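In what follows, a single structure is set out as structure tokens and then discussed.
The values are calculated or read from the model by the stated rules, or taken from the named source; none is laboratory data. Values in this document were obtained by computation on a predicted structure and should not be read as measured data. For neighbour counting, all protein chains shown are included, and Cβ atoms are generated from backbone atoms with ideal geometry for every residue, glycine included. All accessible areas refer to the heavy atoms of the entire protein, side chains included, with ligands and DNA or RNA removed. Shrake-Rupley method; radii C 1.70, N 1.55, O 1.52, S 1.80 Å.
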Amino acid sequence: MVVASLCEDRAEKMASAGLLEAVAPKKKKSNIKYASTCAVVASMASIVLGYDTGVMSGASLYIQKDLEITDVQVEILMGILSIYSIIGTLAAGRTSDWIGRRFTAIFAAFFFFAGALLMGFASGYTMLMLGRFVAGIGVGYAIVIAPVYTAEIAPASARGFLVSFTEVFINIGILLGYISNYAFARLPLHLGWRFMLGIGAVPSVLLAVLVSGMPESPRWLVMKGRLADARVVLEKITDTPEEAEERLADIKTAAGIPDDLDGDVVVVPRKRGGEEKQVWRELILSPTPSMRRILVAALGVFLFQQLTGSDSVVLYSPRVFESAGLTGDHQLLAATCAMGVVKTLVILVAMFLLDRVGRRPLLLCSTGGIIVSLVGLATGLTVVDQNPDARIPWAVVLCVASVLVYVSFFSIGLGPVLGVYTTEILPLRVRALGFAVGEAGNRLVSGAMSMTFLSLSSAITLGGTFFLYAGIAVLAWVFFFTCLPETRGRTLEEMGSLFGVTDTGAEAEDAAPATQDASCWARLLGASPGPRVD
């Protein structure tokens, strides 16, 4: 009897446990690894941008000797890729909304491949510029599509970590460019720089092959009415089917699809006047006050990233080190490689801090460090410049250390935060176009800074140039401190609450920016911040 009673009790407990398990199924293992794989593959597109930036810093020394071109021609060669990339940047938004994020990445890989071959086989300056043009278009596509795709496929808890892969691969590309400089520097003059540039075709082939096996962005699929396909992708990147359905419902709302409209494929309601015109109207032509806040915030991050001199430091690092007192091509390239190693190691640390510390603290810390390092570099270069006949060891050490500190602080915040923050705050309907517009401004400033660096340093000295960059960095810190809310931990569909706008572009009736920065926006844009939400 006792045994029977125990057996009955045991059976009841098992039945109870089974019932509970049926009601609340055990959560399956997180699919963060799958989302991470997709992010890594998509971010590989940014390797080419980094490689070109890194390899040209050293290759330009040999190109100038071989082709016997002037400093002005070198400036144009160095910075023109950023200008050319604007074409791809502006086209990327429409292309990715038309054919999808995945096929746009493959499209970019084709331009990378063709551009690298043209530069590698260039017979003169004209053909070299043609190669820069083709590669520039590919770069424009890549720098838009990689962070946009990653942001749309990543879960909110790891979005900062995954989107930062874009910046990680840029830094890996820069380091590979430096290593290529060092490896091929011993080849004959007419072959060395051609190998440096031509070998950039290899990553593009690998990119095209890997991207072809990636899933499409679930948010793009919803925008096209392909709900069944979107559901399949969401189930792969979320923890439970319930979470996938919840995220699908949020994305449908953001895309303007009614809740009661369901099925494998649905017709997405279109706004009058055409979808493309509507997007331009929402973002640029007649934005609401809240959308204007988002646009100013995004553009501020895009522009200040380049105005603080990041590309000038990377592209012209051998010349900076030479001015500081280092001599010999191999010594200069070795110092540049050390800078690339530091950049890459620090960006790996930043990946883990983005979702733990937050975007805003990293931006402020990064910009503050950039200010200090630029002042140190400018001071060291000024001392060296004023004592041309004397070697001042402490000034040389200060210059080299300041460059390493600069790239470290840039890589800990201002570099990786750009792609994360801007893709987060831009609403779904205008995300691709908004990121493209911001990146176009970023590339334009990058080109202008790169193509004027040598002329500017000749006019106001190298030290004066970096003092100017330091002043701009101070303005950047003030902007970030007063006007950027924190976004860590929010889903993309929740970002509108920070600026008082829903993800469909409409004003939230009673919402106000849920940050202490509301008064800043009111003063800046003349919009009433509404009641403060703590």
Return the inverse of the average 1/r over all pairs of distinct C-alpha atoms in segment 345-397, which is the Kirkwood hydrodynamic radius, in Å to one decimal.
13.4
Can you give me the Cα centroid spacing of segment 189-203 and segment 212-258 in angstrom?
42
What is the local net charge at ARG443, summed over the other residues whose Cβ is closer than 14 Å to its Cβ (Lys, Arg +1; Asp, Glu -1)?
-2
Long-range alpha-carbon pairs in segment 165-210, meaning those over 17 Å apart, account in percent for 41
For segment 278-406, state what percent of all Cα-Cα pairs lands in each successive 5 Å bin, counting from 0 Å until the bin that includes the largest distance.
2, 9, 15, 17, 16, 11, 10, 8, 5, 4, 3, 1, 0
For ALA390 and THR126 in the same chain, what is the full-extension length gain: residue separation times 0.36 nm, less their Cα-Cα distance, in nm?
90.9 nm
Accessible surface ranking that places the most exposed of SER408, SER366 first, with a 1.4 angstrom probe:
SER408, SER366
What distance in nm separates the simple spin-label points at VAL474 and ALA183, each placed 7 Å from Cα in the Cβ direction?
4.4
Flagged as over-length at 31 Å C-alpha distance, from LYS277/LYS343; LYS252/LYS277; LYS236/LYS277, the pairs are LYS277/LYS343; LYS236/LYS277
Given Cα positions, please report Rg to Rh for segment 219-360, the hydrodynamic radius being the Kirkwood one.
1.17
Starting from the Cα-Cα distance between ILE460 and ALA338, subtract it from 0.36 nm times their residue separation and give me the gain in nm to one decimal.
41.1 nm
Per 5 Å bin, what percent of the C-alpha pairs of segment 155-287 does each bin hold, from zero upward?
2, 8, 12, 13, 12, 12, 12, 8, 7, 6, 5, 3, 1, 0
Computed label-point distance, nm, for sites TYR34 and ASP260 using a 7 Å Cα→Cβ extension:
3.2
Residue-ordered couplings for segment 441-447, obtained by feeding phi - 60° into the Karplus form 6.51 cos²θ - 1.76 cosθ + 1.60 and rounding to whole Hz (Gly and Pro as x), are x, 4, 5, 5, 5, 4, x
Once phi is turned into ³J(HN,Hα) by the Karplus curve 6.51 cos²θ - 1.76 cosθ + 1.60 with θ = phi - 60°, what whole-Hz value does each residue of segment 169-176 show in order, with x for glycine and proline?
6, 4, 5, 5, x, 4, 4, 4
